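First the structure, in the form of structure tokens, and then the observations on it.
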Amino acid sequence: MKTLFFIALVAMSHFFVAAQECNNVLKGQVTDYHSKLELDDATIFIIENNRETKTNKNGKFRFDDLCSGTYQIEVSHPECTTIIVDVQVQGTTNIDIKLEHHLEELDEVDVVGDAIRNKTKSAQEEKLKLKTLELYSAGNLGDALKELGGVSSLNTGANIVKPTIHGLNGSRVLILNDGVRMQDMEWGDEHAPNIDINSAGSISLIKGASALQYGGDAIGGVIVMEQAKIPVKDTLYGKTLLSGVSNGRGGNITSELTRAFGGGWFIKGQGSYKRLGDHEAPDYILSNTGVQEIGASLQFGKNLFTWGWDARYSYYTTEIAILRASHIGNVDDLIRSINNGEPEIIRSFTYDLQNPRQEVKHHLGKLRFYKRFEGLGKLNVQYDFQNNRRFEFDVRRGEEDDRASIDLELTTHTISTDFKWDAKEDYKLQVGLLGRYQDNFANPSTGVRRLIPDYNKYDLGAFVTGEYRVNDQLLLEAGLRYDFSQIDADKFYRTSRWEERGYDQEFQDLVVQDLGTDLLVNPVFDYHNVSASFGLSNYFQDGSNLKFNYALAQRAPNPSELFSDGLHHSAARIELGDLRIDSETSHKFSASYHKKFDHWGFNIEPFANWISDFILLEPADVEFTIRGAFPVWEYRQTDARLLGVDVNVEADWLSNLNSEHQFSLVKGTDTENNGALINIPAANFRNKLTFTKPQWNDFEVSLVSNYVFRQNEVPDNIMVFSPEQQEEVLLEINTPPDAYHLLGLDSQMKFPLGKSTVLTTALRVDNILDIRYRDYLNRQRYFADNLGRNIILQLKLNY
Amino acid sequence: MKTIKLLAAFLLANLVFVSCSDDDSSPEPVNEEETITTMTVTLQPTGGTAITLQSRDLDGDGPNAPVVTVSGNLAASTTYSGSIVLLNETETPAEDITEEVEAEDEEHQFFFVTTGNIASVDYTDQDGDNNPVGLTFDLTTGDAGNATLAITLRHEPKKPNDGTLSDAGGETDFTETFNLTVE
């Protein structure tokens with residue numbers, strides 16, 4: 001029976017096709033994928049015969065008098081993504097078409113490039129687009145982020161740049177690298193993020209802890225690096241970017257290639273290599289400041305609207321030479337360096353990377369799966385793995401130069417899942433869970449006492465965030481998160497230190513083994529942290545936008561704050577953690593008001609951050625060792641207040657001449673002692689004048705001026721006994737350098753070299769006037785000037 | 001169905017990863033090979049008893065300050081031949097660091113800064129480039145009275161230098177000031 005029916009069907013269809021009767025009907029309905037609402041005014045276009053119609057109020061459409069056969073129809077709607085569907089028309093054919101009705105939901109949308117959506121709706125948020133990132137191809141993440149208001153950096157020379165948001169850095173700033181929270185020993189002041197800036201498609205910066213989906217401890221903020229979206233179509237494209245850098249006499253090359261298929265499959269590879277020799281200050285060579293960096297990543301997966309998965313592996317390694325003159329022996333050496341005004345060791349230029357230097361390797365693997373449920377939302381599941389290995393090589397006696405003084409290996413496994421209900425137009429809800437295991441291994445074969453001990457760390461987190469659209473103008477969002485973390489360390493203390501800290505009174509039960517002069521201790525500490533966020537965003541009739549956000553964040557102390565115990569040669573100081581340190585709690589209020597007029601616009605963003613039990617590292621005491629006197633820097637907790645404002649003004653003077661003006665100010669106060677906080681960035685004022693002439697091969701030139709004020713609010717200097725001078729002397733470690741003004745230039749032009757190949761040339765000059773300056777937030781300011789003039793020439797080929 | 005399989009694979013992979021990386025063995029103590037804990041200076045007059053000056057800090061960079069001892073008073077207007085021994089007493093038996101300094105004498109130099117009644121301190125040894133090292137020296141006292149002798153070992157100083165610490169630069173490996181009485 002079945003067979004017979006089949007034969008009949010085949011025969012019949014043959015008959016229809018042969019007859020080419022053109023009285024078939026195609027009708028259907030277009031609905032929103034999430035809400036299932038009918039979409040009116042959607043355009044249905046039949047590519048084969050150029051016929052077009054629109055849907056009515058009920059989302060319905062109809063074509064009459066079609067010949068039978070297969071057609072490609074294009075369905076578009078002003079608020080939706082255009083799709084193309086194949087349809088077989090025979091007799092009266094009925095199809096249901098579902099459109100993706102969220103333009104901001106760009107996860108799976110068919111665009112390449114730098115379209116970025118906001119991570120939060122009410123927090124202060126800024127973005128760096130691919131175009132800006134590319135200018136920093138031979139630089140680093142921290143420098144690129146300084147283009148944004150409220151961002152500064154804590155530097156150790158020019159190669160180690162830690163992003164600082166509203167005056168906070170390190171463990172208070174989370175970095176999300178393609179959905180993976182970086183675990184790269186961010187607790188060290190001289191540890192830069194282990195990320196190749198060329199691997200990012202765009203960067204969003206959230207100034208505060210409001211984006212609870214990423215973590216509850218982002219008291220400073222969150223940096224979200226994302227990959228460019230890969231289109232769901234058959235295509236092959238790539239780019240190669242070559243930069244030559246005058247200061248350091250080297251350069252950078254980066255290349256990437258993406259292959260995508262219509263079925264959603266894609267594969268993308270990227271690699272970069274950077275090599276610079278010694279940098280130069282205006283008057284001298286900064287001996288031993290070269291760098292080598294290699295980054296590579298491979299990503300593949302299947303990327304459909306309804307479901308998909310992807311796997312990514314990235315590798316990053318860098319070798320950074322540290323200014324030779326900054327490696328010193330004791331406080332007298334430091335006093336001498338401060339008084340000299342010029343580094344003690346200036347050699348001729350070399351590409352060699354000698355000691356002191358750092359060598360870091362970071363592996364990151366990620367597997368992600370997502371599935372979208374019709375009329376409901378989207379489920380994400382992710383597993384990621386990170387391995388971070390850090391070597392620090394010191395200037396050592398004997399044949400020890402190739403033996404690291406610090407050798408740490410940090411391994412992290414994270415599994416996380418979240419579900420987002422986004423079917424309804426007026427509210428969205430997201431819930432998520434996270435589990436993380438981390439293992440730190442400090443290799444004892446260094447022959448130097450461990451600065452950071454072996455530890456295991458366990459984290460569990462859960463969050464819920466939601467947003468509610470009250471009306472077209474007003475949107476509310478709120479979130480709540482809980483994090484548990486446990487740290488289980490095995491640490492050797494000198495018995496003398498254990499007693500001097502008073503730990504024998506409070507923590508004697510943690511001692512596992514007494515080795516005479518040393519004690520093996522096993523501290524296990526639990527932390528329970530709650531974070532919350534509430535905010536609103538309102539659009540006024542005149543087009544201006546007001547946002548307000550309150551974020552409560554708690555952060556557990558990092559291993560450095562708890563366990564640091566040793567001598568830092570680069571700073572000639574003994575750093576001591578404290579086992580008694582508990583979580584710090586921040587209450588941050590921020591607002592942002594944005595208004596745009598015909599020819600200009602402005603954005604003003606004030607904030608106030610009250611942090612109770614703020615953890616900070618400050619000089620407290622002096623200790624004598626065989627090497628002489630050393631200031632002791634101790635971690636302690638206090639109450640702090642950070643107040644500040646970022647102002648941004650943009651103006652169009654002529655059709656091809658515009659300017660941008662940015663001002664940022666942060667004031668940090670230790671409210672318990674009523675003194676200034678250490679390492680708070682000075683106010684800065686940045687101005688940029690841009691001239692564009694699209695007719696001249698998209699010619700664009702900008703003059704950039706950056707004025708950094710002197711930081712007048714610093715903690716007091718300390719008195720130390722100098723064995724060399726046989727008296728108490730003032731150690732000017734907190735004296736800030738003078739204000740400075742730098743001029744820079746950016747220019748670029750584009751040359752089409754074929755149908756899909758474009759060559760872009762760019763010229764960038766930093767510190768045009770080659771002025772001498774030192775920056776308060778550069779840890780090497782005691783030893784040497786910052787970089788002099790730097791000319792960067794870039795060639796970019798898109799194909 | 002595919003979805004579930006993939007999910008299961010995920011979880012399984014994670015389980016395997018986590019379970020195999022758990023080790024609870026306690027860490028080994030670090031063998032601190034480079035630390036200098038003790039400097040002993042022997043001042044030998046021609047005939048008579050040697051005077052020893054010692055600075056000893058058994059907890060290294062720990063909180064305890066070095067213990068400084070001087071075995072006796074110096075005689076006025078006398079020349080002593082001095083020698084320096086450096087030890088790392090955190091190891092048993094104590095490691096002799098003097099040998100390391102000798103082996104790398106081009107990269108090391110002792111500096112002597114005096115106040116009061118010490119007439120002179122002169123180097124009596126040289127490195128391969130004929131620059132002074134200071135492991136041995138002659139110290140000549142002046143009239144009776146008080147004196148201080150500060151001894152500093154610098155690693156990678158500028159060599160040759162004018163004999164002052166500020167001109168030499170480098171990093172301080174060891175420094176101590178001894179209070180002496182000349183009688």
Treat the count of other C-beta atoms within 10 Å as a stand-in for reagent exposure and order A:V360, A:V647 from fewest to most.
A:V647, A:V360
How about region A:359-439: which GluC sites (Glu not before Pro) there are in a DSSP loop, with at most 14 other Cβ atoms within 10 Å of their Cβ?
A:E374, A:E399, A:E425
Mind running the shape call on region B:35-182? Use the C-alpha gyration tensor, a ≥ b ≥ c as the square roots of the eigenvalues: rounded below 1.5 for a/c, prolate if a/b tops b/c, oblate otherwise.
oblate
Region A:522-587 and region A:211-239: distance between their alpha carbon centers, rounded to Å:
23
Can you put A:M749, B:M39, A:M185 in order of Cβ neighbours within 10 angstrom, beginning with the fewest?
A:M749, A:M185, B:M39
Report, in whole Å, the centroid distance computed from the Cα atoms of region A:376-396 and region B:33-54.
52
Note, ³J(HN,Hα) from phi for region A:608-623, Karplus 6.51, -1.76, 1.60, rounded to Hz, x at Gly and Pro:
9, 10, 9, 10, 8, 6, 4, 8, 9, 10, 9, x, 10, 7, 10, 10
Could you give the nm distance between label points at A:L654 and B:A144, where each point is 7 Å from its Cα heading toward the beta carbon?
9.3
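Over chain A, calculate the relative contact order: mean separation of alpha carbon pairs under 8 Å at least 6 apart, over the residue count, as a percent. If you can, show how the numbers build up before the last one.
Values: 2228 pairs, mean separation 76.2, N = 799.
Computed over chain A, the figure is 10 percent.
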Between A:T760 and residues 5 or more places away or on another chain, the pairs with built amide H atoms under 5 Å apart involve A:F751, A:K796, A:L797, A:N798
Using amide H atoms built 1.01 Å from N in the peptide plane, name the residues 5+ places from A:D621, or on other chains, whose amide H lies under 5 Å from its own.
A:V632
Quick one: Karplus J couplings for region B:90-97, per residue in order, coefficients 6.51, -1.76, 1.60, θ = phi - 60°, nearest Hz, x for Gly and Pro?
6, 9, 10, x, 4, 8, 8, 7
Principal-axis tilt of helix A:2-19 within chain A, Cα atoms, nearest 10 degrees
80
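If you count, for every residue in A:618-627, the Cβ atoms of partner chains within 10 Å of its Cβ, what is the mean?
Numbers: counts 0, 0, 0, 1, 0, 5, 7, 14, 20, 14.
Taking the mean over all residues of the peptide, I get 6.
Given the -39500 (n - 2.57) contribution per DSSP H run of 4+ residues, what per-residue ellipticity at 222 nm results for chain B, rounded to the nearest 500 deg cm²/dmol? Numbers along the way, then the final one.
On the way: 3 runs with 29 residues, N = 183.
Mean residue ellipticity at 222 nm (helix-derived): -4500 deg cm²/dmol.
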Taking Cβ-Cβ under 4.7 Å as the only way to count a partner, pick out the unpartnered cysteines of chain A.
A:C80
In sequence order, what are the phi-derived ³J(HN,Hα) couplings for region B:103-112 according to the Karplus relation 6.51 cos²θ - 1.76 cosθ + 1.60 with θ = phi - 60°, rounded to whole Hz, with x for glycine and proline?
5, 10, 5, 5, 9, 10, 7, 8, 10, 10
Under 5 Å between amide H atoms, partner at least 5 residues away or on a different chain: which partners does A:G377 have, H built in plane at 1.01 Å?
A:D422
What whole-number distance in Å separates the alpha-carbon centres of region A:30-98 and region A:245-323?
44
Which angle between 0 and 90 degrees, to the nearest 10, do you get for helix B:2-20 versus the longest principal axis of chain B when only C-alpha atoms count?
30
Mean projected area, convex hull of alpha-carbon positions in region A:222-798, reported to one decimal in nm², is 30.1
Global geometry of the protein assembly as shown, whether rounded, prolate or oblate, following the gyration tensor of its Cα atoms and the 1.5 cut on a/c:
prolate
Compactness of region A:413-517, expressed as Rg and Dmax over alpha-carbon positions, Å
23.0, 71
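Once the other residues with Cβ under 10 Å from the Cβ of A:T70 are scored (Lys, Arg +1; Asp, Glu -1), what is the net sum?
Numbers: positive: none; negative: A:E48, A:D86.
Counting the neighbours of A:T70, the net charge comes to -2.
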On a 0 to 90° scale, report how tilted helix A:331-340 is relative to the longest principal axis of chain A, with both axes built from alpha carbons and the result rounded to the nearest 10.
70
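Provide the net charge surrounding A:R259, with neighbours chosen by a C-beta distance below 10 Å and charges set as Lys +1, Arg +1, Asp -1, Glu -1.
Numbers: positive: A:K268; negative: A:D234.
Local net charge: 0.
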When only C-alpha pairs under 8 Å and at least 6 residues apart count, what is the relative contact order of chain B, in percent?
19
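Rounded, prolate or oblate: pick one for region B:139-183, where a ≥ b ≥ c are the square roots of the eigenvalues of its C-alpha gyration tensor, a/c under 1.5 means rounded, and failing that, prolate if a/b is larger than b/c, else oblate. Mind dumping the intermediate values first?
Working: a/c = 4.07, a/b = 2.17, b/c = 1.87.
Prolate, since a/c reaches 1.5 and a/b exceeds b/c.
Grab the other residues whose beta carbon is less than 12 angstrom from that of A:K162, score K and R as +1, D and E as -1, and report the net.
Working: positive: A:K146, A:R172, A:R779; negative: A:D143, A:D184, A:E186, A:D189, A:E190.
Computed value for this residue: -2.
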Ratio of alpha-carbon Rg to the 2.2 N^0.38 Å globular estimate for region A:21-99, to two decimals, please.
1.02
Hydrodynamic calc, region A:663-710: Kirkwood Rh from Cα pairs, then Stokes-Einstein at 25 °C with viscosity 0.890 mPa s, so D in µm² s⁻¹ is 178
Calculate the radius of gyration of the Cα atoms of region A:535-631 to one decimal place, then report Dmax, the largest Cα-Cα distance, as a whole number, both in Å.
22.2, 71
How crowded by other chains is B:61-72, given as the mean number of beta carbons from other chains within 10 Å of each beta carbon?
5
Length-normalised contact order of region A:523-588, Cα under 8 Å, at least 6 apart, in percent, tallies to 31
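FYI, it's all coordinate maths here, none of it is from the lab. Just so we're clear, the structure is a prediction, and the values are computed from it rather than from any experiment. Quick reminder, even Gly has a Cβ in these numbers, built from the backbone with ideal geometry, and neighbours come from all protein chains shown.
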